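In what follows, a single structure is set out as structure tokens and then discussed.
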Amino acid sequence: MSDAELPQPVSTLSERLLRGLYTLLLALLLPALLLRLLWRSRAEPGYRQRIAERFGRCTLKVDQPCIWIHAVSFGETMAARPLVEALLERFPQGRLLITSTTATGSARVRTLFGDRVEHCYLPYDLPIFLDPFLRRARPALAIFMETELWPNLLARLQQLQVPAILANGRLSQRSAQGYARIGGVSRAMMQRMTLVAAQHRQDGERFVELGLPAERMVVTGNLKFDHAVDPRLVSEAERLRVHWSLGGRPVWVAGSTHEGEEPLLLSVHRQLLEKLPDTLLILVPRHPQRFDAVARLVDEMGFKQCRRSSGARVTAATQLLLGDTMGELQLWYALADLAFVGGSLVPVGGHNLLEPAALGRPVLSGPHLFNFNETRALLLQAGAARVVEDQQALLEQLLLLLADRVRRTQMGGAGCAVVEGNRGATLRLLALLEHHLPQV
């Protein structure tokens, strides 16, 4: 298939019946989905705002077609950042739309890009909601980040002859098995994709196994390697270390933690304080709706904590800083001596190991990293990261590394080298996109 060609229609009677059943089930679930939004809004008020957008009622410019990027949540928005910045620079007169699904993703879009892009929530995957959205959006190109694919949306884009590209595509073995269970629908979705730009060869092969024609798969690398470290962030971290009189205090950060993980980490920190009494833990839960619950847990376990949201100053008596604000995780990685990346002591699949590595910090994680196997392998091979199987192993590594500045420096330097050596995914992806959007 040439770069400019679009996939031919793949709709069959069987696929239409399966998609019809999916559409019916989704329609029946709408009341439950709305109740879930309202329930989540109790902890995250953002879910109560702009609910109409989820039903296709959005306010967008319609003066020209747009480049549309769908980034589901916070993580996908961060992954899309190098691409968005490159598109804004390369097509300054173009119209760029970013859609989200979660409130945290929406907030991050606004923080990172402001009014340089248009933004709204993606409607539910029902034609009655998708059609008015697509009429307003007028996408000339649809870019989906990582793994976010919807049957009706892809069918509508194919009918409208809009190229659909998956950028920074990743697909774990577990996710691939889930898609395989709905084989007919998954196969049709894969055949409707114009291109899948995969992070790694293994990701791309899994998409092909699900039905993507092999000639539409290209390995471009991971966009997250292209994140530039903001020197202002490093300066702010240094300022806080001075302002809080941290001096030579050992500091470790546990970032993007999940339910069930914090008790394990707090237990490790308690044992760590017995050996290194002035150690500070910066604990950053992944989801903002859990901030208060984690704060209560910290109090119940007897730690002297400071909540970042309070604006209070960390003192010599502070044993734990709770990072209960959004968008500051990289700041905490820059401030700490080493980083543990959460979602990995519990079977969540892990989170982005490259953020602390790019800042020259040794990286620790638990064994559950099935969403980031390739990145883990690169960092482990370079000696920039270590995987700990349990709490005892984590404690041992913390004691070892916090007492050895030279080893921390070596691991941090190795992590920086891995990041630098794997940059370039954004440029490779842009070269592919230009074939599908010559008019922008």
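The values are calculated or read from the model by the stated rules, or taken from the named source; none is laboratory data. Quick caveat: nothing in here was measured; it's all calculated off a predicted structure. So basically every Cβ, Gly included, is an ideal-geometry build from the backbone, and we count neighbours across all protein chains shown. Note: accessible area is taken over every heavy atom of the protein model, side chains too, but ligands, DNA and RNA are not part of it. Shrake-Rupley method; radii C 1.70, N 1.55, O 1.52, S 1.80 Å.
A few points about this structure:
- Of all residues in region 142-156, those being aliphatic (A, V, I, L, M) and either at pLDDT below 95 or farther than 19 Å from residue 60 by Cα (or both) number 4.
For every residue, the table says whether it meets (1) without any contact (Cβ under 8 Å) to a residue 40 or more places away in the chain; (2) among the small types (Gly, Ala, Ser); (3) not in a loop (DSSP other than H, G, I, E, B).
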{"position": "186", "(1), (2), (3)": "yes, yes, yes"}
{"position": "218", "(1), (2), (3)": "no, no, yes"}
{"position": "242", "(1), (2), (3)": "yes, no, yes"}
{"position": "245", "(1), (2), (3)": "no, yes, no"}
{"position": "256", "(1), (2), (3)": "no, yes, yes"}
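- Restricting attention to region 19-53, the residues that are within 24 Å of residue 286 (Cα to Cα), part of a helix (DSSP H, G or I) and of a type in the set (Lys, Arg) total 3.
- In region 95-109, residue surrounded by the fewest Cβ atoms within 10 Å (Cβ to Cβ) [restricted to those that are of a type in the set (A, V, I, L, M, F, W, C) and in a helix (DSSP H, G or I)]: 107
- Here residue 347 fulfils each of the conditions (1) surrounded by fewer than 18 Cβ atoms within 10 Å (Cβ to Cβ); (2) more than 30 Å from residue 165 (Cα to Cα) apart from (2).
- Test: residue in region 177-191 that is within 20 Å of the chain's Cα centre (by Cα) and of a type in the set (A, V, I, L, M, F, W, C): no
- Meets criteria (at pLDDT 95 or above, open to solvent by less than 20 Å² (accessible area, probe 1.4 Å) and small (Gly, Ala, Ser)) for residue 415: yes
- Exactly one residue out of 42, 95, 81, 50 is at pLDDT 90 or above and farther than 30 Å from residue 428 by Cα, and it is 50.
- Scanning region 258-290 for residues that are in a loop (DSSP other than H, G, I, E, B), open to solvent by less than 30 Å² (accessible area, probe 1.4 Å) and over 22 Å from residue 352 (Cα atoms) returns a single hit, 279.
- Filter result (part of a helix (DSSP H, G or I) and either open to solvent by less than 40 Å² (accessible area, probe 1.4 Å) or in contact with an Asp or Glu (Cβ under 7 Å, 6 or more places away or on another chain) (or both)) within region 382-412: 393, 394, 395, 398, 401, 402, 408, 411, 412
- Residue that is nearest to the chain's Cα centre (by Cα), among those in region 195-215 that are more than 14 Å from residue 166 (Cα to Cα) and outside any helix (DSSP H, G or I): 210
- Residue selected from region 310-331 under the condition touching a Leu at 6+ places or on another chain (Cβ under 8 Å) and either open to solvent by less than 20 Å² (accessible area, probe 1.4 Å) or assigned to a helix (DSSP H, G or I) (or both), by the criterion farthest from residue 102 (Cα to Cα): 318
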